[in-house]
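Structure first, commentary second.
We did not get these values from a lab; they are worked out from the coordinates using the rules stated. Just so it is clear, the structure is predicted and the values come from calculations on it, not from any experiment. Backbone-built Cβ (ideal geometry, glycine too); neighbour counts: all protein chains shown.
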Amino acid sequence: MSDLSTVAPSAPGIATIAAPRPDLDRRLHGSTPFIFGLLLVSGIGYAVYGLISDMNNVGQEPLAIGAFVLLGIALLIALGFEFVNGFHDTANAVATVIYTHSMPPVVAVIWSGCFNFLGVILSSGAVAYSMVTLLPVELILQVGSEAGYSMIFALLLAAIIWNLGTWAMGIPNSSSHALIGSIIGVGLANQMMAPADQATSGVDWAQATGVFKALAFSPLCGFVVAALLLLVMKLVVRNRKLYQAPEDNRPPPLWIRSLLILTCTSVSFAHGGNDGQKGMGLIMLILIGAVPTAFALNRTMPDSSTPTYIQISHEAQAIFQARAATLTPPPADTARRVVGDALKARRLNQPEVFAALAALSGDIAENVRNYGAIRHVSAAATPNMRNDMYLVADAVRLLPKEDVTLSAAEAGTLNAYRTALNEGTRFIPGWVKVSVAIALGLGTMVGWKRIVVTVGERIGKQHLTYAQGASAELVAAGTIGMAEVWGLPVSTTHILSSGVAGTMAANGSGLQMATVRNIAAAWVLTLPAAMALAGGLYVILRNVF
């Protein structure tokens with residue numbers, strides 16, 4: 001590591017500067033542990049209250065002690081993942097304001113934690129369920145079974161273990177990357193463990209490929225766009241002070257300080273909005289499996305949506321029936337089996353599958369009509385209703401990949417139907433958002449120093465300048481924000497660290513190749529390592545359960 005407290009040669013046209021290291025070892029106020037503990041207990045208490053209230057509101061029978069304990073452990077592990085995500089990933093957001101002395105380290109970390117909290121609370125939920133669609137169909141439908149709990153525990157524990165390992169070595173690593181690798185590992189293990197005569201969906205490689213592209217593109221985008229933005233800033237903003245590193249421990253001029261605090265805030269908010277949703281999606285999966293009556297269907301949908309819901313269901317049913325040739329729609333139980341097997345085998349373009357989809361669509365419309373609204377569906381009918389809606393929605397999602405010829409009107413109807421089905425099954429209660437927000441926000445305030453030092457000191461050979469910090473964070477915030485709009489999980493760590501590297505390259509500051517190699521190695525190894533960990537844990541837990 002270069003000695004940042006000494007004078008380093010500067011890029012052409014930039015004055016040589018002395019860059020003192022920020023005080024990263026300042027003690028917290030004595031009341032901080034009490035406040036931290038109070039927030040932690042409050043978050044857990046609010047989660048328990050929200051869970052019990054939602055169960056009581058729908059007349060859910062009390063869970064057996066063993067089931068309630070298992071549910072509690074699963075929820076704590078999911079929140080633990082978000083906590084680790086907070087102190088591992090969010091350190092990237094505060095490194096620039098800390099190393100430019102724009103904010104004291106403790107203040108920066110608390111500030112970032114608060115805006116991570118707000119990012120989670122105000123998130124759309126689109127990313128939450130994009131992660132869920134990567135999981136094997138049969139495990140999603142039976143998430144409350146032994147295999148379902150094994151899946152949840154395996155993928156979360158694997159991601160936590162890998163995150164903690166890379167954090168201990170001070171290597172910026174992607175929590176998204178780790179979680180996706182864990183999901184794929186569970187899918188492969190589930191496929192290998194299935195009996196020879198039993199079809200299993202394994203991994204949805206088409207969906208996974210889209211996620212891989214987002215993960216691969218985002219760091220390249222961070223490097224190139226941050227470098228270009230720095231060069232553009234040099235052409236447009238001629239104030240030399242912006243392109244210098246701190247000369248002492250004093251904060252920069254107010255306008256520069258405001259810019260850097262704004263970019264730190266934006267990255268923190270965007271990180272909360274994107275990464276917080278991954279934990280939300282998994283928590284909802286746990287709740288759907290353990291307490292289907294309360295969480296399998298979106299009981300917040302108003303009664304006024306019922307006529308439109310029934311109409312679009314019948315329109316979709318007509319499209320499916322037209323492609324079923326002369327086949328009669330089978331009974332609901334048979335239809336579920338046919339569609340489930342077709343999804344596992346990725347063979348949907350068959351008359352018997354369309355007949356089964358017509359049967360399930362008609363059954364969904366009839367149930368909604370009989371009950372008057374989705375929120376009135378009885379406890380006994382809820383699991384089948386939810387599974388029918390999930391199977392049809394997933395089939396509609398995959399139909400374009402099966403070379404099914406649809407007119408523009410038919411494609412529009414089926415897309416509208418899929419949206420309606422998703423609205424009926426995809427929702428996130430307020431207490432889930434608050435619990436994840438508290439876990440991510442508190443995690444931000446713990447263990448941040450290791451990653452901050454790497455980003456602030458070990459990527460470039462010279463101290464970070466104000467413009468470099470602003471460029472990297474502006475690009476990170478913009479990229480993460482757009483990814484949330486498109487429902488794509490991306491890595492805050494890789495975008496931000498590659499953005500810092502891009503600005504160092506564009507500024508002629510030089511790169512510390514040992515650190516760059518470590519970050520690149522973590523990027524390459526995360527998927528296979530998480531896959532191996534999750535797959536191994538899944539096999540072990542299947543035998544334990």
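Computed from phi, the 3J(HN,Hα) profile of the stretch 457-471 under the Karplus parametrisation 6.51, -1.76, 1.60 (θ = phi - 60°) reads 10, 10, 8, x, 7, 10, 5, 5, 8, 4, 5, 5, x, 5, 4 Hz, with x in place of Gly and Pro. Cross-linked pairs K213/K449; K278/K449; K278/K433; K241/K461; K213/K278: Cα-Cα separations exceed 22 Å for K213/K449; K278/K449.
Around the amide H of G460, modelled in the peptide plane, lie the amide H atoms of Q512, all under 5 Å away and 5 or more residues distant in sequence or on another chain. Sequentially through the stretch 370-383, phi angles give Karplus couplings (6.51, -1.76, 1.60; θ = phi - 60°) of 5, 7, x, 5, 4, 5, 9, 4, 5, 4, 5, 8, 4, x Hz, Gly and Pro residues having no value and appearing as x. Could you tell me which label, among (i) 81, 51, 47; (ii) 87, 67, 45; (iii) 78, 58, 45, carries the value of Cα extents along the principal axes in Å calculated for this structure? Checked against the structure: label (i). For the chain, averaging the sequence separation of C-alpha pairs within contact (under 8 Å, six or more residues apart) and dividing by the residue count gives a relative contact order of 33 percent. Potential lengthening of the chain between T32 and V404 amounts to 127.9 nm, from the contour at 0.36 nm per residue minus the alpha-carbon distance.
Dipole size of the chain about its Cα centre, with +1 on Lys/Arg Cβ and -1 on Asp/Glu Cβ: approximately 1400 debye, rounded to the nearest 20. Normalising the average separation of contacting C-alpha pairs (under 8 angstrom, six or more residues apart) by the number of residues puts the relative contact order of the stretch 303-425 at 33 percent.
Think of the chain as having a plus end and a minus end, set by charges on the Cβ of Lys, Arg, Asp and Glu; of I319, G165, P400, G165 sits farthest toward the positive end of this dipole.
Computed extension gain for L118 through L76, at 0.36 nm per residue and net of the alpha carbon distance, reaches 13.0 nm.
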